[in-house]
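*Asks:* Can you read through this structure? Questions will come right after.
The values are calculated or read from the model by the stated rules, or taken from the named source; none is laboratory data. As the structure is a computational prediction, the values presented were derived from the model and not from experiment. Using ideal geometry, Cβ is built from the backbone for each residue, glycine included, and neighbour counts are taken over all protein chains shown.
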Amino acid sequence: MWPFGTDLLISFDLGVIDGWAFEDFAVVSADRGRIIVQGAATIPDRCNALEVDGLDRSGESIELVLQIVDRSEPGYQCPDQVLRWHYTAAIGVLSPGVYSLRVRYTYPGSGWTDRTVFDGPVPVAGPP
């Protein structure tokens with residue numbers, strides 16, 4: 001896991017997509033004062049990586065933005081192979097309450113459309 005400031009821990013794992021299931025997703029839960037986001041983001045080839053672009057918080061509104069970034073070397077042609085980055089993110093520790101969470105994926109320079117994969121309320125109980 002890599003810390004992003006003091007409010008986010010996130011881990012990434014690259015995997016091949018099984019069959020034709022290309023849907024990006026984020027599943028959200030809460031545990032011990034943290035919001036847990038588990039999801040997957042599709043990337044066009046092995047030369048792309050998934051990175052945290054931002055974690056913005058304003059009161060009870062939180063936005064997590066993950067960006068797909070081209071990491072290809074100049075002159076290298078990446079083989080076409082659609083892959084999926086899996087990730088788990090833990091946001092918090094948060095005070096008890098209901099938070100409005102948005103999780104977005106962005107694809108700068110790729111021609112792919114940015115997507116919102118979660119946008120809704122998340123009730124959070126306090127830490128034990």
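*Asks:* Would you confirm whether any residue within the stretch 76-90 is small (Gly, Ala, Ser) and surrounded by fewer than 16 Cβ atoms within 10 Å (Cβ to Cβ)?
*Replies:* No, every residue in the stretch 76-90 fails to be small (Gly, Ala, Ser) and surrounded by fewer than 16 Cβ atoms within 10 Å (Cβ to Cβ).
*Asks:* Since Ser72 meets every condition but one in (1) part of a loop (DSSP other than H, G, I, E, B); (2) touching an Asp or Glu at 6+ places or on another chain (Cβ under 7 Å), which condition does it not meet?
*Replies:* (2)
Condition check ((1) in contact with a strand residue (DSSP E or B) (Cβ under 7 Å, 6 or more places away or on another chain); (2) among the basic types (Lys, Arg); (3) over 25 Å from Gly111 (Cβ atoms); (4) at pLDDT below 85) across all residues:
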| site | (1), (2), (3), (4) |
| --- | --- |
| Trp20 | no, no, no, yes |
| Val28 | yes, no, yes, no |
| Arg32 | no, yes, yes, no |
| Arg84 | yes, yes, no, yes |
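*Asks:* For Gln81, only one of the following conditions fails: (1) without any contact (Cβ under 8 Å) to a residue 60 or more places away in the chain; (2) more than 30 Å from Gly33 (Cα to Cα); (3) not aliphatic (A, V, I, L, M). What is its number?
*Replies:* The number of the failed condition is (1).
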